[in-house]
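To start, the structure under review is shown below, and the notes come after it.
Derivation of every value follows stated rules applied to the coordinates shown; laboratory data play no part. Please read all numbers here as calculations on a predicted model, not as lab measurements.
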Amino acid sequence: AKAARDSAVTAVGAGADAAWLRAALDAVEATARRYAQFTTDQVLQAHPELEACDEPRAWGWVMRASQSAGVCAATEDHWLSRRTKSHGRPKRVWRSMLGGADLPMMFGDDLAPTRPAPAAATGATGA
C-alpha cells in the first residue's frame, strides 16, 4: 500500500504545472521560516493564489519534496481543517526545520487550528 501511495504521489507531482509547483515549494519554505508548526491551510491562507491548482493532490508531492529538502518534517499531529473546501478533515501538522518562531498558528478565526477529539470524547472505540 505504501509503494502504491508513493507512486501515486510521484505521478501527481509529475503531472502538475511546474510553475505552480515552484510557487508552492516557495510558499511552504516562507511559511516554515515564519512558523514553528503549520499545516497546508496556513500556507494557502498566506498564498491564496495557490488555490488555483488543477490537482489538489499535488500538495502531497509539495510537502514530501519540502520534507526531502529539509524545509519541514512531518509530525504525528493532525489538526482539523477549518477551510470549507477541506470539509473539516484532519490535516497533518508539519514542523519547521528552518527555525520558524513559535508564533500563533492563526491567520484568522476561520483558520484557527482545532485538534481532532480524542476517541473517548467522541464515544468511538478501538474496535
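A few remarks follow.
- Near the amide H of Tyr35, within less than 5 Å, lie the amide hydrogens of Ala101, all on another chain or at least 5 residues away, with H placed in the peptide plane.
- Note on region 27-95: Rg/Rh from Cα positions, Kirkwood definition for Rh, rounded to two decimals, is 0.92.
- Segment Arg34-Ser68, length gained on full extension (0.36 nm per residue, minus Cα span): 10.3 nm
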